[in-house]
1. Indicate the gyration tensor shape class of the stretch 57-105 (rounded, prolate or oblate), computed on the Cα atoms with a ≥ b ≥ c the square roots of the eigenvalues: a/c under 1.5 is rounded; otherwise a/b larger than b/c is prolate and the rest oblate.
2. Relative to the longest principal axis of the C-alpha atoms of the chain, give the angle of the C-alpha long axis of helix 42-59, reported between 0 and 90° and rounded to the nearest 10°.
3. Label ILE83 and GLU62 with points 7 Å out from Cα along Cα→Cβ: what is the distance between them in nm?
4. Can you give the charge dipole size of the stretch 44-85 about its Cα centre, rounded to the nearest 20 debye, using +1 on the beta carbon of Lys and Arg and -1 on the beta carbon of Asp and Glu?
5. Could the peptides 80-91, 45-56 be put in order, highest first, of the mean number of other beta-carbon atoms found within 10 Å of their residues?
6. Where nothing but the Cβ of Lys and Arg (+1) and of Asp and Glu (-1) is charged, how large is the charge dipole of the chain around its Cα centre, in debye to the nearest 20?
7. For LYS37 and GLU103, compute 0.36 nm times the residue count separating them, minus their Cα-Cα distance, and round to one decimal in nm.
8. Return one number: the angle in degrees, 0 to 90 and rounded to the nearest 10, between the long axis of the Cα atoms of helix 138-159 and the longest principal axis of the Cα atoms of the chain.
Amino acid sequence: MILLGRYYKSVDDCTIYHWNKVFNEGQYNYVFKKPKKVIVTHKVVDLIDGLMDSYLNRFGLEKKVQEYNKLRFKVAKLKLRYIKTDERFLINKINQLENRIQELKKLIFSQNSNDFNENHVILQKWYGQRIDLKTTTVVEYRSIQKSYEQENKQTRNSRRGGSRQPS
């Protein structure tokens, strides 16, 4: 088996910077610790699948997000198949899947008015220090994010006066 270089095996060692490059920007070469130009092969897709499996096992995802990611990988695999076989009907299937991906992307990402960078700035301000995306792992970042969300939830609940007592 020929490996293309050292790669991230799980969310425990993958930086949030590389994670975002792979899963938000589609730059699959960032699955490697020292990204270089790569051709998306079945091996690369398997590495990305393994990284996503690690995330899912650790954190889980909404069904819409799971469908979104699976469709993106399915499109990548269909594109590989098209390149190998030149089967023209695959173009229509790829277009259909890409349309569904765009629909899901609007549903998933439009719910949050801030993009990742804006959220990152807010998180750093709350955390009280700089969070280096290139050294912070996905697990560490999600832990900080979860703490922020829990504190925000508690703050919102306390502003509402806590739980209401029946009269």
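Laboratory data are not the source of any read-out in this text; all were calculated from the coordinates shown. Not measured: the values here are computed from a predicted model. As a convention, Cβ positions derive from the backbone with ideal geometry for all residues, glycine included, and neighbour counts pool all protein chains shown.
1. Values: a/c = 4.92, a/b = 1.93, b/c = 2.54.
Oblate is the answer for the stretch 57-105, as a/c is 1.5 or above yet b/c matches or exceeds a/b.
2. The angle comes out near 20 degrees.
3. If labels sit at ILE83 and GLU62, their model points lie 3.2 nm apart.
4. Values: 10 positive and 5 negative charges, 55 e Å.
Roughly 260 debye, rounded to the nearest 20.
5. Working: 80-91: 11.3, 45-56: 17.2.
Listed from highest to lowest mean packing, they are 45-56, 80-91.
6. On the way: 33 positive and 18 negative charges, 30 e Å.
It comes to approximately 140 debye.
7. Numbers: separation 66, 0.36 × 66 = 23.76 nm, distance 2.92 nm.
This chain segment gains 20.8 nm when fully extended.
8. 30
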